[in-house]
Amino acid sequence: MFAHGDNPLEQVLSITIVALFAFFSYMRGVRHKLQLKSTHPHPVVRAYYVRDMLATAASSRWELDLDTLEQLVDIRIGEFMAAMEKIDLFDFSIFDQKYISQVAQHCDRLAALQQKHKNSCKNWSWISWD
C-alpha cells in the first residue's frame with residue numbers, strides 16, 4: 001500500500017493507531033449516550049499507549065524510526081479530528097494546553113503502572129516490554 005512512499009512501516013502503524021483512536025472515541029461516545037460508567041482513559045491517552053506498545057513490538061522485529069512514528073501519529077490524529085469537526089462530531093476547542101498536559105499526565109501514569117506491574121502480569125501479556 002505504501003511501497004513507493006517514505007517510511008512505509010511508520011505510515012501503516014500511524015494509520016492503525018488512528019483507526020483504534022476512532023474506535024476508542026466511538027466507544028466513549030456510546031458510553032456517554034448510554035450513561036455507563038467506565039475507568040478507561042481518554043481515547044487520546046489510549047491511542048498514545050497503543051502507539052508505545054506497537055512501537056515496542058515493531059522495534060523488536062524491524063528498524064523503526066520512532067520520531068517519524070510520533071510525528072505521523074500526531075498528524076494523522078489531527079487529520080481525523082479535523083475531518084470529524086467538519087461534520088460536527090468533534091470540538092477542537094477542548095484541546096488547549098491544560099488538556100494536553102492532562103493527556104501527558106495520564107500517559108505517564110499508564111507508563112508507571114506498566115512498569116510497576118509488568119512482572120506480575122507477564123503471563124497474560126501479549127507484548128513484552130523488555
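The values are calculated or read from the model by the stated rules, or taken from the named source; none is laboratory data. This is a predicted model, so every value here is computed, not measured. As a convention, Cβ positions derive from the backbone with ideal geometry for all residues, glycine included, and neighbour counts pool all protein chains shown.
Only one of (1) at pLDDT 80 or above; (2) surrounded by fewer than 10 Cβ atoms within 10 Å (Cβ to Cβ); (3) in a loop (DSSP other than H, G, I, E, B) is not met by Asp67, so which one is it?
Asp67 satisfies every listed condition except (3).
From the residues in the range 79-91 that are in contact with a helix residue (DSSP H, G or I) (Cβ under 9 Å, 6 or more places away or on another chain) and modelled with pLDDT of 80 or more, which one is surrounded by the most Cβ atoms within 10 Å (Cβ to Cβ)?
Met81
Here's the yes/no breakdown for (1) of a type outside the set (Asp, Glu); (2) at pLDDT below 80; (3) more than 14 Å from the chain's Cα centre (by Cα):
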| residue | (1), (2), (3) |
| --- | --- |
| His4 | yes, yes, yes |
| His32 | yes, yes, yes |
| His40 | yes, yes, no |
| Val45 | yes, no, no |
| Tyr49 | yes, no, no |
| Leu54 | yes, no, no |
| Ala58 | yes, no, yes |
| Gln71 | yes, no, no |
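Considering the range 92-130 alone, what residues qualify as being among the polar types (S, T, N, Q), part of a loop (DSSP other than H, G, I, E, B) and modelled with pLDDT of 75 or more?
Asn119, Ser120
For the list (1) of a type in the set (A, V, I, L, M); (2) at pLDDT 90 or above; (3) touching a Phe, Trp or Tyr at 6+ places or on another chain (Cβ under 7 Å), I need the number of the one condition that Ala22 fails.
Among (1) of a type in the set (A, V, I, L, M); (2) at pLDDT 90 or above; (3) touching a Phe, Trp or Tyr at 6+ places or on another chain (Cβ under 7 Å), the lone unmet condition for Ala22 is (2).
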